[in-house]
Amino acid sequence: MARRISSVGVVGLGTMGAGIVEVFARGGLEVVGVETTEELADRGREILQASTGRAVRRGKLSEEEQQALLDRVTVSTELADLAGADLVVEAVPEVVSVKQDVFLRLDDVVAEDAVLATNTSSLSVTEIAAGTRRPERVVGMHFFNPAPVLRLVEVITTPRTDPEASEGVRELAERLGKKPVVVGDRAGFVANYLLFGYLNSALAMVEQGHVSREDLDVAMRVGAGLPMGPLTLMDLIGLDVCHHIGEVIYGHSRSPLHRPSTMLGRMVTSGRLGRKSGQGFYTYASAGSGEVVPDELTPADHGDVEVPEAVGVVGSSPLAEDLAGRLDEAGFRVTHVPDAGGDLGPLASVGLVIEAQEEEPDPESEPAGRDVDDLFAELGEVTAPGTLLTTVNTYSGVALAAISGRAGETTVLRVHAPTPHAQVIEIGRNHATAGPTVRTLREVVRRLEAVPVVARDRTGLVVDALLVSYLNDAVRMLDEGYATVDQVDTAIRHGLGYPMGPFAMIDHIGADEVLVIAEELYSGSAGYQPHLAPSPLLVEHVLLDQPFTEGAAAGRG
Ligand SMILES: NC(=O)c1ccc[n+]([C@@H]2O[C@H](COP(=O)([O-])OP(=O)(O)OC[C@H]3O[C@@H](n4cnc5c(N)ncnc54)[C@H](O)[C@@H]3O)[C@@H](O)[C@H]2O)c1
């Protein structure tokens, strides 16, 4: 059985160290925090005081509890004051030599069986351990920011770690109400590895002009239900930190998924570091502020937008019925043509047509009178010039634009399932799409009480492309044996604050659906993006009709 850890030390009382001290003190442990100067030690105590003061104001802590908590904390500038600690966590800057130096000095101070833990996000725990005289007592104890709020603690073991040491740390984390996940030493561990793959794909989208920064962020926050959009998150983490972690992960994986973005590198070199410098992807009111202020990239207000009064819906799929009902409720005059093979004459006077037939019709039923190409060719003739033509299916909008003869007015709409935030409808444009077409469709989407996102008409547009690539990456991590389903889902929920982990999400969407999109994304990438190849384990789960999570398995039984 692991030795019970009861007295702890923290070295470095910056953003993370001060938060880690709070976690320990909240859990009733005596904590000694060490900084380099009296001034910084006092600042560490002030961070702790401010944070617990906020908890008191929110009614989460009484004043007596706050005082008792603060009384359990001693700050110092002497590592020697850590002599009695069973565990010391270092949270000094992310530089191997600095961390190794702290551990080497601690070697002489703490008891032989004390555990030394590093809070590193991206360095090799094995390398840090190798620089000490007790590599078997060294583990990673990776907290997430803000440490008192996010419950994940990744406990990282190296090939030399004594299981008793990692078990002691795991048990302590659990005692503190955290969600520990014990995994081996690998760049990015679980949560950051998956997060940075996704962030890098998102970066590539803005870099290539696929989508605007605002639309990208809203797509993932509202469309995928994430706590914030990828660019807002990177600005918060710090672009220098993102760049560094990205490079470390790329050094490990060598996957094009993690290839460092040149745009990000340039932003860092030019001093755009995110919120902390006042400028990143967005511009902030001042350095350190979270208040976004308008800049040259802020979308212009084009004034009044022309919105058609009459809208046509073609098809009898559930989505066609749903859209027809919602358009009607929103005050549009709706002409619903359930049978695409029927008379299209009634559509002559509408200003917008939405094609929403079953994409894969039931083979038992009568074949439709027109296929989608014939339908769009005819719509181009029947409808008045200027009428907008759209499809909610995964057909190529460019091909339909060519067939209809309405290059400037034919686009794709991707309607996503609503999340607790709202619903996103993506508008897929091509390079010939006219500005007024996009502005009108944005307004129609808003009137349906959904959130518009405009992107280039490419497979998966924004939400599916980013989400499915990330889900596939999680399955690959499982397939490689690095972490279990439960560990990955726990890490993502409690480290990143996502509403569900990737495996729960795959089971929720349906592994077969995820596979279909993954295959489309992969074939659309023409082999340039090997990481998009569907994981063989995903294929296995689809073929064998097996969910990933036990919850989903129980739900079926
Ligand atoms: N900031 C995050 O979101 C985050 C999240 C998880 C992990 N981490 C990791 O936590 C560690 C610390 O990050 P941070 O953001 O808190 O950095 P920070 O710069 O806010 O704090 C580092 C502190 O360490 C102190 N320090 C430096 N050398 C020291 C020494 N020899 N002895 C005692 N104190 C010393 C500095 O004075 C500073 O106050 C890094 O390894 C980082 O990768 C950071």
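The values are calculated or read from the model by the stated rules, or taken from the named source; none is laboratory data. Because the structure is a prediction, the values reported are computed rather than measured. Here Cβ is always computed from backbone atoms with ideal geometry, including for glycine, and neighbour counts include all displayed protein chains. To get the accessible areas, we keep the full protein, side chains included, count just its heavy atoms, and leave off ligands, DNA and RNA. Shrake-Rupley method; radii C 1.70, N 1.55, O 1.52, S 1.80 Å.
Tabulated results
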item	result
Formal net charge of residues neighbouring Q279 (Cβ-Cβ distance under 12 Å; K, R +1; D, E -1)	0
Helix axis angle, 163-175 relative to the chain longest principal axis, alpha carbon, degrees	70
Mean-position separation - Cα centroids, the stretch 251-285 and the stretch 434-510, in angstrom	22
Calculated on alpha-carbon atoms, Rg and Dmax of the chain in Å	27.3, 88
Shape category assigned to the stretch 310-456 from the gyration tensor of Cα positions, a/c cut at 1.5	rounded
The stretch 97-239 - Rg over Rh from alpha carbon coordinates, Kirkwood radius	1.08
Alpha carbon convex hull of the stretch 1-88, projected area averaged over orientations, nm²	5.8
Heavy-atom accessible area ranking, 1.4 Å probe, most first, across K276, K60	K60, K276
Assigned charges on the beta-carbon of Lys, Arg, Asp, Glu; the stretch 191-293 dipole about Cα centre (debye)	200
Rel. contact order, % - alpha carbon contacts under 8 angstrom, at least six apart, the stretch 310-456	18
Charge tally in the Cβ shell below 14 Å around G17, where Lys, Arg are +1 and Asp, Glu are -1, G17 excluded	-3
Diffusion constant of the stretch 191-293 at 37 °C, which comes from Stokes-Einstein with the Kirkwood Cα-pair radius and 0.692 mPa s, µm²/s	241
About the Cα centre, charge dipole magnitude for the stretch 24-85 (Lys/Arg +1, Asp/Glu -1 at Cβ), debye	500
Using alpha-carbon coordinates, inclination of helix 463-479 to the longest axis of the chain, degrees	50
Crossing angle, helix 96-107 versus the chain [Cα axis fit, 0-90 degrees, rounded to tens]	30
Under 12 Å, Cβ to Cβ, from V169 - net charge with Lys/Arg +1 and Asp/Glu -1	-1
At q = 0.20, 0.30 Å⁻¹, base-10 log of I(q)/I(0) for the stretch 101-158 (Debye sum, equal scatterers on each alpha carbon)	-0.72, -1.20
Rel. contact order, % - alpha carbon contacts under 8 angstrom, at least six apart, the stretch 191-293	23
Isotropically averaged projected area of the stretch 463-556, using the convex hull of Cα atoms (one quarter of hull area), nm²	6.0
Dipole of the chain, positive end: most advanced residue of Q279, L323, P180 [Cβ charges, Cα centre]	Q279
Student exercise, the stretch 463-556 dipole from Lys, Arg, Asp, Glu Cβ charges, in Debye to nearest 20	200
Relative contact order of the chain, pairs being alpha-carbon contacts under 8 Å that are 6 or more residues apart, as %	10
Accessible surface of the chain, 1.4 Å probe, proportion on carbon and sulfur as whole %	50
